[in-house]
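A quick write-up on the structure given underneath.
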Amino acid sequence: MSRDLAISIEAKLLAEATSKAASEHQTLDRLMQRWLAEYVEGRNQVEQYRELMGRLDYVRAPEQRLTRDELNEC
């Protein structure tokens, strides 16, 4: 069940947000729903990054930098 929400936003910010959403083929309504869902889940970008780094902890960089030719060797 959906409910309406009234919020106050500065006119300039609303216009810029509406324009950006339209350029991304989105609506502010859909973007706000997505943001609220992520907010409720408590998973922000920092947490997602840390989780990803934890999953990739097996990846090790070489001690010395590789040259372009070395990187392209198969």
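The values are calculated or read from the model by the stated rules, or taken from the named source; none is laboratory data. This is a predicted model, so every value here is computed, not measured. Here the Cβ is made from the backbone with ideal geometry for all residues, glycine too, and neighbour counts use every protein chain on show.
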Item to check | Count - residues of the range 18-74 that are under 24 Å from residue 1 (Cα atoms), at pLDDT 85 or above and part of a loop (DSSP other than H, G, I, E, B) | outcome: 2
Checklist entry - Quick one: what pairs do we get from the range 44-56, first residue at negative phi, second in a helix (DSSP H, G or I), C-beta under 9 Å, 6+ apart or different chains? => result 44/38
